[in-house]
Amino acid sequence: MRKRFIAFTLLFSSMLSGISYAANEQAEIQTDIPAVYAANTQGKKAYVSQMEIYLDGEQVKPIAYLISVDAYGAYTYFKLRDLAYLMNGKDCQFSVDYNEKTKQIIAKSGEKYTPNGSEMKASGSGDQIAYETDSPIWLDGKKVEMEAYNINGNTYYKLRDMGEVFGFDVSYKDSSKQAIIRTPSYTGPDTPDTNDPDENKPSNPDNTITPTPPPTPEPTSGKVDGKLTVLIDVGHGGSDPGAGGTAPYAFFTYQNRKVSAGGSIYETDFNLPVALCLRDLLEASGANVIMSAETDKTVTFAQRKTIIENNANTADMLISIHHNAFNGNASGFDILAQIKYKNGGDGYELAQAFEKQYLEDGRKRHAPTTFKEGSNGDYYAILRYAANVDMLAIISEYAYIDNANDVKCILSNEGVEKEAQAMHDAILDFYSTHEY
Ligand SMILES: [Zn+2]
């Protein structure tokens, strides 16, 4: 795994009480950032975050940065001093000092923070370059390590990580466009506006597009004998909406969330419904299906790794369902396959089967099947986890949801079902000539 989360030794954590240090791989925002940024070990592009931040019901404006840390994950990072400044006077306030001699960041819980003038300011104008850094915090004399980035001399951490360390609650709303911070004694609303439930869940949608119903599997041509087991990895979900795009026309997501023409849509609006439909189609054809999630929930990379490892002896293959976004102009599908098969073999042939079905559906290929190598095997984490336990795996990016024309193919129940059907047919086609 790329990350060393709050790496306490057990010895230390047993000495601490009252603060949760549970490992957390939460994405604050994840998008399918082009790999060119993610692969750059010299520094990563840090975009000024557009996220709205609410602290105990009031909007606050620390300058945070969205940094793409790997193929799937872009996370929002905050300055420790900004949080200390904002928490001043609250029950989880903490002081921050830098010891020049020992180069240690010293924090003391319960103490008032003394500003040094750097708070709530950007680290330079516009987008920046972030460098991974090892910047532990010494909190009340104990060392706390969090994944950190240095931007122009300032250290940035994930908001949720800081929440766990300093004892405030962090959640994300409205497909992660808002971060909600609550201190322990606050009991008011998350944001100043009162939420109109009808805005998100229309009771009587007068639209031509209806909410996606539970998929009804149709009889299919292929049939497998019940020994075939497919692990479906549902991309993103929960607090991580995945790549974002714009709806070219009004649309109701499978969760009955109304998206107006021009409104934001996310991968999570499609990954799960496609996955559920694929599950039903595969089961109707006699296959066993294991899902990384069957509801819209956050599944961390660590949890995905565990699911893969736990099913190493059961699953014949893994299909990871994603939808893409890039610059608004890119369109078509992408298949990402394991590097082991770059010169042929099962993974190559499985990718071919997918390409064949997608092309037959009238989808256009964005790029030839990608076999991308990272420093320790497959570049894409899911493919690597699977390869490490000798599981055949593939990632499907069926459409670019930030391309107004491309996304139309999935902005309907029929589109979602057609995508799932193509995956189902590709899998059965592949296993008609391969053992399982
Ligand atoms: Zn994705």
Here is a check on your reading of the model: is ALA422 of a type in the set (A, V, I, L, M), crowded, with 21+ Cβ neighbours inside 10 Å and under 20 Å from LEU276 (Cα atoms)?
yes
Test: residue in segment 321-332 that is crowded, with 18+ Cβ neighbours inside 10 Å and closer than 20 Å to ASN288 by Cα:
yes
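With the structure loaded, tell me whether GLU435 is open to solvent by 50 Å² or more (accessible area, probe 1.4 Å), out of contact with any Asp or Glu (no Cβ under 8 Å at 6 or more places or on another chain) and in contact (Cβ under 8 Å) with a residue 12 or more places away in the chain or whether it fails that test.
Spelling it out, it is not the case that GLU435 is open to solvent by 50 Å² or more (accessible area, probe 1.4 Å), out of contact with any Asp or Glu (no Cβ under 8 Å at 6 or more places or on another chain) and in contact (Cβ under 8 Å) with a residue 12 or more places away in the chain.
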If LEU318 meets every condition in (1) over 17 Å from LEU228 (Cα atoms); (2) open to solvent by less than 30 Å² (accessible area, probe 1.4 Å) apart from one, which number is that one?
(1)
Matching residues, segment 329-363, being acidic (Asp, Glu) and touching a strand residue (DSSP E or B) at 6+ places or on another chain (Cβ under 8 Å):
ASP334, ASP346, GLU355
Just give me the residues in segment 254-277 being within 16 Å of the ligand (Cβ to nearest atom) and open to solvent by less than 30 Å² (accessible area, probe 1.4 Å), in sequence order.
ILE265, TYR266, GLU267, THR268, ASP269, PHE270, ASN271, LEU272, PRO273, VAL274, ALA275
Quick count over segment 357-385, residues being loosely packed, with under 15 Cβ neighbours inside 10 Å and in a helix (DSSP H, G or I), is 2
Of all residues in segment 240-255, which are of a type in the set (A, V, I, L, M) and within 20 Å of MET51 (Cβ to Cβ)?
ALA243
From LEU428, LEU350, LEU383, which residue is among the aliphatic types (A, V, I, L, M) and over 23 Å from HIS236 (Cβ atoms)?
LEU428
Tally of residues being part of a loop (DSSP other than H, G, I, E, B) and touching an Asp or Glu at 6+ places or on another chain (Cβ under 7 Å) across segment 390-414
1
Hey, does segment 406-425 have a residue that's more than 16 Å from the ligand (Cβ to nearest atom) and at positive phi?
no
Could you tell me whether ALA302 is closer than 28 Å to PHE430 by Cα, away from the ligand (no atom under 16 Å from the Cβ) and touching a residue at least 12 places away in the same chain (Cβ under 8 Å)?
no
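The values are calculated or read from the model by the stated rules, or taken from the named source; none is laboratory data. Since we're looking at a predicted model, the values are computed, not measured. Because the Cβ atoms are built from the backbone with ideal geometry, glycine has one as well, and the counts that use them run over all protein chains shown. Each accessible area value is taken on the protein alone, full model and side chains, heavy atoms only, with ligands, DNA and RNA left out. Shrake-Rupley method; radii C 1.70, N 1.55, O 1.52, S 1.80 Å.
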